[in-house]
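Data first, discussion second: the structure below is written as structure tokens.
The values are calculated or read from the model by the stated rules, or taken from the named source; none is laboratory data. This is a predicted model, so every value here is computed, not measured. Here the Cβ is made from the backbone with ideal geometry for all residues, glycine too, and neighbour counts use every protein chain on show. Areas reflect the complete protein model, heavy atoms only, side chains present, ligands, DNA and RNA absent. Shrake-Rupley method; radii C 1.70, N 1.55, O 1.52, S 1.80 Å.
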Amino acid sequence: QVQLVESGGGLVQPGGSLRLSCAASGSIFSIYTMGWYRQAPGKQRELVAGISSLGRTNYADSVKGRFTISRDNAKNTVYLQMNSLKPEDTAVYYCNARSSSVQAWGQGTQVTVSS
């Protein structure tokens, strides 16, 4: 079973940037499709960005051109670079790992975009 630990959240002003990291342990990281999800108060959890084991990426329309997901298999880490942040990006961001047989979630990291 894979364990995930997110870091990098915080408070940032509109237009600012943050980079989230998700460190994985306990399994073979490279086989997993990795994703970043977010959940704002009163809303459902939604997919922000995903990256396959082969490096193929996909993004929610709301973040295209502003967010970039990447992975470093040597470091067992996936990243989410967030630029041009908006107040509506405020949410708890969760890292997800999934394969054909298992799925795991991190504990979440708070991102607040406010002046």
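Using the Karplus relation 6.51 cos²θ - 1.76 cosθ + 1.60 with θ = phi - 60°, the per-residue 3J(HN,Hα) values for segment 7-19 come to 7, x, x, x, 9, 9, 7, x, x, x, 10, 9, 10 Hz, with x marking Gly and Pro. To put it simply, the accessible area of the chain at a 1.4 Å probe is 47 percent carbon and sulfur.
Take each peptide in 75-83, 44-52, count the other Cβ atoms within 10 Å of every residue, and average; sorted highest first, the result is 75-83, 44-52. With the highest mean first, a sort of the peptides 57-63, 19-25 on other beta-carbon atoms found within 10 angstrom per residue produces 19-25, 57-63. Taking amide H as placed 1.01 Å from N in the peptide plane, the amide H of G16 sits under 5 Å from that of L85, each at least 5 places away or on another chain.
Between the amide H of Q103 and any residue lying 5 or more places away or on another chain, no distance stays under 5 Å, with hydrogens modeled in the peptide plane. Our coupling estimate for segment 74-91, obtained by passing each phi through the Karplus curve with A = 6.51, B = -1.76, C = 1.60 and θ = phi - 60°, is 5, 9, 6, 9, 10, 10, 9, 8, 10, 10, 6, 5, 10, x, 6, 7, 4, 4 Hz, Gly and Pro reported as x.
Prolate is the label for the chain, because a/c, from the alpha-carbon gyration tensor with a ≥ b ≥ c as root eigenvalues, is 1.5 or above and a/b exceeds b/c. Heavy atoms of the protein chains alone define the surface here; on that basis segment 1-113 has 52 Å² accessible area per residue at 1.4 Å probe size.
Couplings 3J(HN,Hα) for segment 100-113, derived from phi with the Karplus relation 6.51 cos²θ - 1.76 cosθ + 1.60 (θ = phi - 60°), are 5, 10, 9, 9, 9, 10, x, 7, x, 9, 7, 10, 10, 10 Hz, where x marks Gly and Pro.
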